[in-house]
Ligand code: ADP
């Protein structure tokens, strides 16, 4: 592939125990901007996944004994290599996933920031000494790596979703076996190549690519050597994988779907709210689990806000992510385009109106940015996670009513609201049943913060000091006879 300068970053088979192993599951990775094949991958199945788990188990036993400062230094070397190769990694990402190049660079930097964060946290895995129940006893608490971690990641952030799990796992002293989505395996394989160059011992980071997701998934959720399973993807798939984990009582972290409310109160700074909304809605063409899905606007400011939103959306440039002018790339594939189109058609039939429909190229998997007005919380676009560049506007009358509507969802991942009233800021933040709430801001995810949801959006946290706990077991030592 001419598009990248370091051809060693383009890997087309699985990375297992420090070796590049081809299986017989041949599949093509296509560019969603034009449908053109980019690479032929020699993918793996359940058998190679088992080999990866066994290698991870051997490597983990040694890694757990490596001093934390050494684990930290290896992670920092991995981080530095990611940034040194940011241009190539971003181009690979745009080619296989479609997002604009500037966003792809942002994702590489974002993924790397988790590696740096956990390189720094690796040396701060503290225990505790607690008062005992009697004078001859002491209670000591130590934290130990859970062991071998299995992970499955989606196509919308092919770099960051894998790295955001692997970094805390490795920092904690675990070994990692990850399966990226078959639509976007190249970004994950490229970071595995960089981990090896950074000096990470063989077997600690394995990337199994293949189209037999259920077969590989069963190994990563049910192999006796797997101690913990971490998933990012749809709630439907998450439920299947959680059930599989239940059999072996595996620890789990689940980052599942969302249906984020974005509330604009009548005291909001409308221009700031429009700006925040454009990012929260259209990043990655609307294909993120924290994308604002239902935009509730107070009736007193509804017309003014809608006019500003329509003006901003009409100016968006849709196209190939490699073009410098592009702000919105293609959706991941034809099924994604069909699903978004169906939700819009259903909502129009239910009484919504299309306020503006932007332009989009005819070739490739594009959907034009669309603003829908007169939407209600009961319509198809409000009940489902849209995962596309469609912005539904829902009017509301008062605070209690909008909180009830915002919480009326099976999901509980991210919520956003704009208000300048300090009392309201606290009331609404506390009342929203979501794992993350952005107040007067359109971007909430960063390495310093705990990312994760409640309800059908899952459990566990990624990022921050809390993210490390997902990969550590607490052990209590009862010291008696003093
Ligand atoms: P989407 O519908 O957006 O592709 P999924 O949750 O289906 O979201 O996919 C997220 C990840 O889960 C991908 O890596 C995919 O290959 C994987 N996956 C999908 N179905 C299964 C399954 N039954 N078992 C294991 N992994 C699966």
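The values are calculated or read from the model by the stated rules, or taken from the named source; none is laboratory data. In this text the structure is predicted, and so the values were computed from the model without any measurement. Using ideal geometry, Cβ is built from the backbone for each residue, glycine included, and neighbour counts are taken over all protein chains shown.
Yes/no matrix, rows are residues, columns are (1) outside the structural domain of residue 276 (by the TED database); (2) more than 16 Å from the ligand (Cβ to nearest atom); (3) over 14 Å from residue 281 (Cβ atoms):
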{"site": "324", "(1), (2), (3)": "no, yes, yes"}
{"site": "340", "(1), (2), (3)": "no, no, no"}
{"site": "344", "(1), (2), (3)": "no, yes, yes"}
{"site": "348", "(1), (2), (3)": "no, yes, yes"}
{"site": "352", "(1), (2), (3)": "no, yes, yes"}
{"site": "356", "(1), (2), (3)": "no, yes, no"}
{"site": "375", "(1), (2), (3)": "no, yes, no"}
{"site": "398", "(1), (2), (3)": "no, yes, yes"}
{"site": "420", "(1), (2), (3)": "no, yes, yes"}
**Asked** Has region 222-231 got any residue that is free of Cβ contacts under 8 Å to residues at least 40 places away in the same chain, over 24 Å from residue 353 (Cβ atoms) and part of a helix (DSSP H, G or I)?
**Response** yes
**Message:** Can you find, within region 185-210, the residue that is farthest from the ligand (Cβ to nearest atom) among those that are under 17 Å from residue 51 (Cα atoms) and in a loop (DSSP other than H, G, I, E, B)?
**Reply:** 201
**Item:** Qualifying positions in region 320-353 - surrounded by 15 or more Cβ atoms within 10 Å (Cβ to Cβ) and part of a strand (DSSP E or B)
**Value:** 328
**Message:** What's the number of the only condition in (1) touching a strand residue (DSSP E or B) at 6+ places or on another chain (Cβ under 9 Å); (2) part of a helix (DSSP H, G or I); (3) within 9 Å of the ligand (Cβ to nearest atom) that residue 215 fails to meet?
**Reply:** (1)
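Only one residue in 49, 64, 59, 33 is assigned by the TED database to the domain that holds residue 229 and closer than 16 Å to residue 209 by Cα, so which one is that?
Values: 64 fails: closer than 16 Å to residue 209 by Cα; 59 fails: closer than 16 Å to residue 209 by Cα; 33 fails: closer than 16 Å to residue 209 by Cα.
Unique residue meeting the criteria: 49.
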**Message:** Given (1) in contact with a helix residue (DSSP H, G or I) (Cβ under 9 Å, 6 or more places away or on another chain); (2) farther than 30 Å from residue 312 by Cβ; (3) within 16 Å of the ligand (Cβ to nearest atom), identify the lone condition not met by residue 255.
**Reply:** (2)
**Asked** Within region 3-51, can you find the residues that are surrounded by fewer than 16 Cβ atoms within 10 Å (Cβ to Cβ) and more than 18 Å from residue 193 (Cβ to Cβ)?
**Response** 24, 26, 28, 34, 35, 36, 37, 47
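Filter region 427-440 down to the residues that are under 26 Å from residue 108 (Cα atoms) and either in a helix (DSSP H, G or I) or touching a helix residue (DSSP H, G or I) at 6+ places or on another chain (Cβ under 6 Å) (or both) and list them by number.
The initial filter retains those residues of region 427-440 that are under 26 Å from residue 108 (Cα atoms), namely 435-440.
Hits for region 427-440 are 437, 439.
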**Request:** Can you run down the residue pairs with Cβ atoms below 7 Å, 6 or more apart or on separate chains, where the first is in region 458-482 and exposed (fewer than 11 other Cβ atoms within 10 Å of the Cβ) and the partner is part of a strand (DSSP E or B)?
**Result:** 478/139; 482/138
**Message:** Six or more apart or on different chains, Cβ atoms under 7 Å: show the pairs whose first residue is in region 149-163 and outside the structural domain of residue 82 (by the TED database) and in contact (Cβ under 8 Å) with a residue 24 or more places away in the chain and whose second is near the ligand (Cβ under 10 Å from one of its atoms) and part of a loop (DSSP other than H, G, I, E, B).
**Reply:** none
